Amino acid sequence: QVRLVESGGGLVQPGGSLRLSCATSGFAFSSAVMSWYRQAPGKERELVASTTSAGTGNITNYADSVKGRFTISRDNAKNTLYLQMTNLKSEDTAVYYCNGRTPFGWYNYWGQGTQVTVSS
């Protein structure tokens, strides 16, 4: 059974920080491209950050809107993905989703999402 379970969302003030986690099971996490997406009210789902394991380390990429503020990381031993978010802005308010894509795109898995609300 494939599971991707996000946690760590909540209400924070502008400028605050949150750390999201995605605990997974049931697929080859270490071989998968893992990503965080988000969807704000009235907007399309967008890619926030992704990470791919490589021999020299993890390859990461970020949306321009979060560069310098968010950090994606993974613990392959724990099959867990993280997103450290700092200097949060109201524009970051969204439901954040964990995504896993296996090699060759054979499978594409999604979590149920966790709500992040940035408001004073």
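Read-outs: derived from the displayed coordinates by stated rules, not from any lab. If you're wondering where the values come from, they're calculated on a predicted model, not measured in any experiment. FYI the Cβ positions are ideal-geometry reconstructions off the backbone, even for glycines, and counts take in every protein chain you see.
At 7 Å along the Cα-to-beta-carbon direction for both S31 and S119, put a label point, then send me their distance in nm to one decimal.
4.4 nm
How high is the FRET efficiency from S53 to F104, r the C-beta distance, R0 22 Å, rounded to 0.05?
For R0 = 22 Å, the calculated efficiency reads 0.90.
At what distance in angstrom do the alpha carbon centres of the stretch 50-64 and the stretch 17-43 lie from each other?
13 Å
Checking the cross-link filter: which lysines have an alpha carbon closer than 20 Å to that of K89, excluding same-chain neighbours under 8 positions apart?
K43, K67
What list of ³J(HN,Hα) couplings, whole Hz, do you get for the stretch 26-38 from phi and the Karplus terms 6.51, -1.76, 1.60, once you set θ to phi - 60° and write x for glycine and proline?
x, 8, 7, 4, 5, 8, 8, 6, 9, 9, 10, 10, 9
At a threshold of 8 angstrom on Cα-Cα distance, excluding pairs fewer than six apart, so keeping six or more, what relative contact order does the chain reach in percent?
36 percent
Taking H as built 1.01 Å from N, whose amide H comes closer than 5 Å to the amide H of K89, not counting residues under 5 places away?
G15
Hey, what D do you get for the chain in µm²/s if you plug the Kirkwood alpha-carbon radius into Stokes-Einstein at 10 °C and 1.306 mPa s?
Rounded, D is 111 µm²/s.
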